[in-house]
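A.B. asks: Questions regarding the structure given below will be posed in turn.
The values are calculated or read from the model by the stated rules, or taken from the named source; none is laboratory data. Predicted model, so just to flag it, every value in this text is computed and none were measured. Using ideal geometry, Cβ is built from the backbone for each residue, glycine included, and neighbour counts are taken over all protein chains shown. Protein only, heavy atoms only, side chains kept; ligands, DNA and RNA dropped before computing areas. Shrake-Rupley method; radii C 1.70, N 1.55, O 1.52, S 1.80 Å.
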Amino acid sequence: MSQQKRPKAVIVGGSIAGVSCAHTLISAGWDVVVLEKAYEPPTGSPTGAGLGLDPLAQRLIQSWIKQPQLLHDSTLPLTIDQNQVTNSEKKVSWTLTRDEEFNFRAAYWADLHGLLYKALSPHIFLWGHLLLSFSVSSDKKSVKVKAKVLQTGETIEIVGDLLVAADGCLSSIRGSFLPDLKLRYSGYCAWRGVLDFSGNEHSETIRGIREAYPELGKCLYFDLAPGTHTVIYELLKKKLNWVWYINQPEPQLKGSSMTMKVSNDMIQKMHQEAEKTWGPALVRVIQETKEPFVNVIYDSDPLERLFWDNVVLVGDAAHPTTPHGLRSTNMSLLDAAVLGSCLDKWGGDKLELALQEYQSIRLPVVSKQVSHSRRMGRLKQGLVLEDRLPFDPKAASSEDCDELQQKNMPFFAGRQ
């Protein structure tokens with residue numbers, strides 16, 4: 001490849017999937033440019049977002065960054081996966097399942113993105129650039145991308161050998177090939193937030209939540225009640241990440257965001273409902289969280305293909321999924337690793353073979369994981385499933401409860 005012109009990839013989307021692909025394609029000998037409509041790299045947000053990294057994802061990230069120890073230093077262990085049930089009337093909880101061989105790590109989204117981004121040369125990123133269109137050449141050898149520079153309004157063109165669609169679950173690139181594909185509403189939304197308790201480590205709220213959930217800092221807690229469930233786990237920097245899933249009709253969203261605008265009245269009603277459903281310790285955490293927000297939960301039926309000519313889908317563009325199997329980020333990281341490996345193996349002159357191999361490796365895996373994540377969500381929310389009665393955590397048998405565990409995810413990578 002050193003004696004030939006280096007192939008060039010245009011990556012649309014500067015989130016974790018896009019940044020990960022930049023790492024692996026550069027390692028495979030490709031020139032890379034990343035287009036991102038945001039004006040600058042993310043530095044965090046008041047609401048924040050937590051995620052869990054499986055052992056394989058951890059190893060991949062450590063192989064891409066210059067100081068692997070930084071991943072360990074910026075995450076907390078999740079060595080236990082526990083499902084429990086809460087009886088709000090009696091203010092008691094009991095364990096349904098417990099897996100002590102869970103080897104994930106809890107990361108703050110912006111911290112993980114920063115680790116990956118800072119390990120790359122900043123000149124490959126074009127921040128504040130909005131994709132307008134793309135076209136594949138008649139000989140299928142190149143792709144031309146048009147983008148708008150948001151700061152100036154001018155239009156630029158970039159020609160590359162490969163277009164990588166890392167533009168999220170509402171991917172416009174995917175939509176150009178699959179215009180009839182619609183995301184599927186799950187039947188529920190998620191209230192979520194991050195409680196920053198720095199400076200308040202010994203408050204009544206934090207003492208109470210640590211008593212109710214004594215293994216915060218190493219345990220991923222799923223708390224179930226009939227027709228609903230929550231997730232809570234600790235993040236670095238004195239933060240608690242919580243999510244509460246609520247069955248409801250599909251809300252009407254504006255624009256392209258999956259986040260619903262909430263009013264103070266909505267937050268007050270949510271607080272009141274929490275008091276009826278959860279134990280007092282979790283209720284206090286929810287009520288003291290500043291700026292909670294609502295995510296509307298969608299996925300899509302698994303796709304039948306992941307590439308067309310020299311355009312390939314990665315991350316949420318390739319497999320919109322519900323969050324219950326902790327798969328979205330982990331799938332994105334592995335997409336990037338497999339794509340880079342296939343391009344390295346076949347080289348730029350055999351792009352179709354490389355993309356065929358990428359698709360043949362990833363499609364069976366992500367299809368099963370998307371479907372299983374959907375099932376886990378419906379199970380925990382007490383929604384209808386074709387092969388069983390709705391799950392009732394207060395009356396469930398041990399066999400029923402086994403289905404709740406993360407380790408049942410197809411191709412589970414939660415063991416070292």
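A.B. asks: Can you work out the Karplus-derived ³J(HN,Hα) for every residue in segment 287-297? Use 6.51 cos²θ - 1.76 cosθ + 1.60 with θ = phi - 60°, whole Hz, and x for glycine or proline.
C.D. replies: 5, 8, 6, 7, 6, x, 9, 10, 9, 8, 8
A.B. asks: Also, I was wondering about something else. Which value, in Å², gives the accessible area per residue of segment 232-385 when a 1.4 Å probe is used on the protein heavy atoms? Walk me through the numbers on the way to the answer.
C.D. replies: Numbers: 6400 Å² over 154 residues.
That works out to 42 Å² per residue.
A.B. asks: Enumerate the calculated ³J(HN,Hα) couplings along segment 362-379 in order (Karplus 6.51 cos²θ - 1.76 cosθ + 1.60, θ = phi - 60°), each rounded to whole Hz, writing x wherever the residue is Gly or Pro.
C.D. replies: 7, 4, x, 6, 5, 4, 5, 6, 4, 5, 5, 4, 4, 5, 4, x, 5, 4
A.B. asks: Using the charge dipole of the chain (Lys, Arg: +1 at Cβ; Asp, Glu: -1 at Cβ; taken about the Cα centre), state which of G382, W109, S397 has its Cα farthest towards the positive end.
C.D. replies: W109
A.B. asks: Of W346, G414, L334, whose Cα points farthest to the positive end of the dipole of the chain (charges on the beta-carbon: +1 Lys, Arg; -1 Asp, Glu; origin at the Cα centre)?
C.D. replies: Result: W346.
A.B. asks: Ignoring everything but the protein chains, give the 1.4 Å probe accessible area of I297 in square angstrom, nearest 10.
C.D. replies: 20 Å²
A.B. asks: A further question follows. For each pair in K218/K394; K8/K141; K118/K238; K218/K238; K118/K146, compute the distance between the two Cα atoms and list the pairs where it is over 21 Å.
C.D. replies: K218/K394; K118/K238; K118/K146
A.B. asks: I'd like the carbon and sulfur percentage of the solvent accessible area for the chain, probe radius 1.4 Å, heavy atoms only, ligands and nucleic acids excluded.
C.D. replies: On the chain, the fraction of accessible area on carbon and sulfur atoms equals 50 percent.
A.B. asks: Given segment 170-265 reduced to its alpha-carbon atoms as identical point scatterers, what log10 I(q)/I(0) does the Debye formula return at q = 0.22 Å⁻¹?
C.D. replies: -1.16
A.B. asks: Let me ask something else. Expressed as an acute angle from 0 to 90° and rounded to the nearest 10, what is the orientation of the C-alpha long axis of helix 264-277 relative to the principal long axis of the chain?
C.D. replies: The two axes meet at around 50 degrees.
A.B. asks: Of the labelled options (i) 26; (ii) 42; (iii) 30, which one gives percent of Cα pairs over 36 Å apart as computed for this structure?
C.D. replies: (i)
A.B. asks: So, one more: Springs between alpha-carbon atoms under 10 Å, Gaussian network over the chain: tell me which of N200, N247, N310 tops the mean-square fluctuations.
C.D. replies: N200
A.B. asks: With springs only between Cα atoms under 10 Å, which of R378, R184, R174 fluctuates most in a Gaussian network model of the chain?
C.D. replies: Judging by the Gaussian network model, the answer is R184.
A.B. asks: For segment 206-212, in order, what is each residue's ³J(HN,Hα) by Karplus, 6.51 cos²θ - 1.76 cosθ + 1.60 with θ = phi - 60°, in whole Hz (x at glycine and Pro)?
C.D. replies: Each residue's phi maps through the Karplus curve to give 6, 4, x, 6, 6, 6, 6 Hz.
A.B. asks: Now, a different point. Search the structure for amide H atoms under 5 Å from the amide H of L383, placed 1.01 Å from N in the peptide plane, and list their residues when 5 or more places away or on another chain.
C.D. replies: F391
A.B. asks: If you don't mind, another one. Could you tell me what percent of the DSSP beta bridges with both partners in the chain are antiparallel, to the nearest 5?
C.D. replies: Rounded to the nearest five, the antiparallel share is 75 percent.
A.B. asks: Additional query: Looking at segment 281-323, which trypsin sites (Lys or Arg not before Pro) are in a loop (DSSP not H, G, I, E or B) and have at most 14 other Cβ atoms within 10 Å? All intermediate terms of the calculation are to be shown ahead of the outcome.
C.D. replies: Values: sites: R284, K290, R305; in loops: K290, R305.
Filter output for segment 281-323: K290, R305.
A.B. asks: Based on Cβ point charges of +1 for Lys and Arg and -1 for Asp and Glu, what charge dipole magnitude is obtained for the chain about its Cα centre, in debye rounded to the nearest 20?
C.D. replies: On the way: 46 positive and 47 negative charges, 105 e Å.
In debye, rounded to 20, the chain gives about 500.
A.B. asks: Still on this model: If I build a Gaussian network model for the chain, linking alpha-carbon pairs within less than 10 angstrom, which residue out of L216, L385, L126 has the largest mean-square fluctuation?
C.D. replies: With Cα springs under 10 Å in the chain, the top fluctuation among L216, L385, L126 is at L385.
A.B. asks: Expressed in nm², what is the orientationally averaged projection area of the convex hull enclosing the Cα positions of segment 81-123?
C.D. replies: Convex hull of Cα atoms, orientation-averaged projection: 5.0 nm².
A.B. asks: To the nearest 20 debye, what charge dipole does segment 264-416 have about its Cα centre, counting +1 at the Cβ of each Lys and Arg and -1 at the Cβ of each Asp and Glu?
C.D. replies: The dipole of segment 264-416 has a size of about 360 debye.
A.B. asks: Compute, for L53, the solvent-accessible surface of its heavy atoms (probe 1.4 Å) with the complete set of protein chains present, and express it in square angstrom to the nearest 10.
C.D. replies: The value for L53 is about 0 Å².
A.B. asks: Roughly speaking, what is the centre-to-centre gap between segment 234-256 and segment 364-416 when only Cα atoms are used, to the nearest Å?
C.D. replies: The distance from the Cα centre of segment 234-256 to that of segment 364-416 comes to 20 Å.
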